[in-house]
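Heads up: the structure comes next, in structure tokens.
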Amino acid sequence: MKLKVNRKTIEIFEGALVRHALLRYFAVKGLDVRLVDTLKVTDRWGHEIDLDAPASQHSAITFRSEKIKVKSEI
């Protein structure tokens with residue numbers, strides 16, 4: 001299934017959790033996956049969601065962390 005993490009579309013397996021989507025995103029971006037547990041994750045409406053919540057097709061999640069610097073792809 002496909003969903004967006006910080007405006008980047010990623011593909012993960014059916015039945016995945018939010019944690020799995022973030023791990024995939026971090027792996028693709030070359031970020032330290034150990035930081036996933038320190039993140040504050042929100043849905044497209046700004047509601048905080050748990051890392052163990054189920055991910056769903058076409059959803060959009062964002063995370064913020066001062067420890068992580070993501071290079072822009074513009």
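The values are calculated or read from the model by the stated rules, or taken from the named source; none is laboratory data. The structure displayed is predicted, hence computed values, not measured ones. Neighbour counts are summed over all protein chains in view; Cβ atoms, including those assigned to glycine, are modelled from backbone coordinates with ideal geometry.
Is at least one residue of the stretch 3-18 in a helix (DSSP H, G or I) and either surrounded by fewer than 10 Cβ atoms within 10 Å (Cβ to Cβ) or not hydrophobic (A, V, I, L, M, F, W, C) (or both)?
No, the conditions are met nowhere in the stretch 3-18.
Out of (1) touching a helix residue (DSSP H, G or I) at 6+ places or on another chain (Cβ under 7 Å); (2) touching a residue at least 12 places away in the same chain (Cβ under 8 Å); (3) over 11 Å from Leu3 (Cα atoms); (4) surrounded by 15 or more Cβ atoms within 10 Å (Cβ to Cβ), what's the single condition that is false for Ser65?
With respect to (1) touching a helix residue (DSSP H, G or I) at 6+ places or on another chain (Cβ under 7 Å); (2) touching a residue at least 12 places away in the same chain (Cβ under 8 Å); (3) over 11 Å from Leu3 (Cα atoms); (4) surrounded by 15 or more Cβ atoms within 10 Å (Cβ to Cβ), Ser65 is out only on (4).
If I ask for residues that are of a type in the set (A, V, I, L, M) and under 16 Å from Thr62 (Cβ atoms), which ones from the stretch 1-11 would you list? First the steps, then the outcome.
Filtering the stretch 1-11 down to residues of a type in the set (A, V, I, L, M) leaves 1, 3, 5, 10.
Listed by number, the residues that qualify are Leu3, Val5, Ile10.
Can you pull out the residues in the stretch 19-55 that are assigned to a helix (DSSP H, G or I), more than 15 Å from Met1 (Cα to Cα) and of a type outside the set (A, V, I, L, M)?
Residues satisfying the conditions are Phe26, Lys29, Arg34, Asp37, Thr38.
Evaluate the stretch 13-34: report whether one residue or more is touching a Gly at 6+ places or on another chain (Cβ under 9 Å) and without any contact (Cβ under 8 Å) to a residue 60 or more places away in the chain.
No, because not a single residue in the stretch 13-34 is touching a Gly at 6+ places or on another chain (Cβ under 9 Å) and without any contact (Cβ under 8 Å) to a residue 60 or more places away in the chain.
Search the stretch 38-55 for residues being exposed (fewer than 13 other Cβ atoms within 10 Å of the Cβ) and of a type outside the set (Asp, Glu), and hand back the single one that is modelled with the lowest pLDDT. Give the steps one after another, and end with the answer.
Initially, the stretch 38-55 is screened for residues exposed (fewer than 13 other Cβ atoms within 10 Å of the Cβ), giving 38, 40, 44-48, 50, 52, 54.
After this cut, where a residue has to be of a type outside the set (Asp, Glu) as well, the list is 38, 40, 44-47, 54.
Details: Thr38: 90, Lys40: 93, Arg44: 93, Trp45: 94, Gly46: 93, His47: 95, Pro54: 96.
So, considering only residues that are exposed (fewer than 13 other Cβ atoms within 10 Å of the Cβ) and of a type outside the set (Asp, Glu), the one modelled with the lowest pLDDT is Thr38.
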